[in-house]
Amino acid sequence: MSFDPLIARPSETLCLCPRIDENTDVSSTRRLALGFGLAVLAQALALAQLPQAALLIAPRAEQIGWPLALLLIGAALASFPAAALVDGFGRRAAFALGASLGVGGGLLTAFGMTHGHFPAFCLGALWLGLAQGFGLFYRHIAASALGGLRVLAGGALAALAAPLVVHASEFAGGGAASLLCAALLQLAALFLALRLPHGFSAVNASVSSPVQDAGDGATFRSMYFALATLAGAAAWAMMAAAMLRGPLSLALCGAAQSLIGGAMAWHLLAMYGPAALAARFPARFPPLASLVAGLVLLAGAFASLRLSTSPALLAAAMAAVGVAWSLANIGALRLLHEKGPPSRTALALHDLCLLGAAAAGALAF
């Protein structure tokens, strides 16, 4: 077995394992996609329940948005720890920790909902968010934008099963049963994480050369990073507001619980479906055009969601928000890699800005 040369730095823990390139290691890429898919399924169940459970047990009306906001805040808080742990201790430890938090969060939210304990419910939502932040980092492990799209495609495959999983959990009792099912999915993600390669990915080893970082190259890289981050933050803010407003609007319109859960599941399928197409036909999704089209469509879909009063129109608007968000994120992800793979710190900062904007959108909807 051969090893890449490692350069030790103070206070850094190094793994004597061969570096892994997801472009050549197909089985590793599939594991990453499967792990991301499990996170998406757990997210579908949590998002279908958090707003409505908060509507029932929140002490005051203005606190209804707190659990979803805390989920997003937790995801944002996990950005830098996820990058640091993947970089310093390997993906196995990082993703296992994230999934463990998800198991605890699912159990705690189920307890809080069952006993009407709002603080425990909020704490569980925060833990679920921390797990989601680690799960989102799956897409950054791949060595290229195309690799990241392939991991996102795993979310699309999982989202195909989301309506069935949501309806099955509703049939089993809904509410706390859905949150317990989310904990079980995170437990499956934990076992999968323990089977991931312990080594670092190729993007972790990439350090820009002086030629790449000099002059116009560094300027364009900074411009692309700023554009992808700002546009992505706007998309995440509108999407989070829609994910909170949509289920509550459906409930106020008298929609059945099964319809609300199904609408959230199809919304998630719309969020990740275009990524599967982009991974298969990348030339048809140019970065800047995808980003602009996504933002324009997202603004229109969000306006429709605010104005609609029919359950069918609300469900359609939520699906349109998902498609638009996906297009914006495809463009943002490709722009991040336009001038070469970004550093772990840059990726963590990017996720922090996106998820922070999402939390702000949920609180201000």
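The values are calculated or read from the model by the stated rules, or taken from the named source; none is laboratory data. Predicted, not measured: the structure shown is a model, and the values here were computed from it. Every residue, glycine as well, gets a Cβ built from its backbone with ideal geometry; the counts of neighbours run over all protein chains shown. Protein only, heavy atoms only, side chains kept; ligands, DNA and RNA dropped before computing areas. Shrake-Rupley method; radii C 1.70, N 1.55, O 1.52, S 1.80 Å.
For the reader, a short list of remarks on this structure follows.
- Accessible surface of the stretch 25-86, 1.4 Å probe: 70 percent of it comes from carbon and sulfur atoms.
- Order by protection proxy (mean Cβ within 10 Å, highest first), peptides 36-49, 222-235, 303-316: 36-49, 222-235, 303-316
- Cα gyration tensor, the stretch 240-353 - rounded (a/c under 1.5), prolate or oblate: prolate
- When a 1.4 Å probe is rolled over the protein heavy atoms, the share of accessible surface on the stretch 223-365 that falls to carbon and sulfur comes to 73 percent.
- Ellipsoid semi-axes in whole angstrom, largest first, where each is sqrt(5λ) of the Cα gyration tensor of the stretch 296-348: 32, 9, 8
- Highest-first packing order for the peptide set 111-120, 263-272, 124-133 is 124-133, 263-272, 111-120, based on the mean count of other beta carbon atoms within 10 Å.
- Residue 122 accessible area, 1.4 Å probe, all protein chains in place, Å² to nearest 10: 10
- Average accessible surface area per residue within the stretch 218-365, 1.4 Å rolling probe, Å²: 38
- Average projection, convex hull of the Cα set of the stretch 227-285: 5.0 square nanometres.
- Modelled this way, with points 7 Å down the Cα-to-C-beta line, the labels at residue 61 and residue 195 are 5.0 nm from one another.
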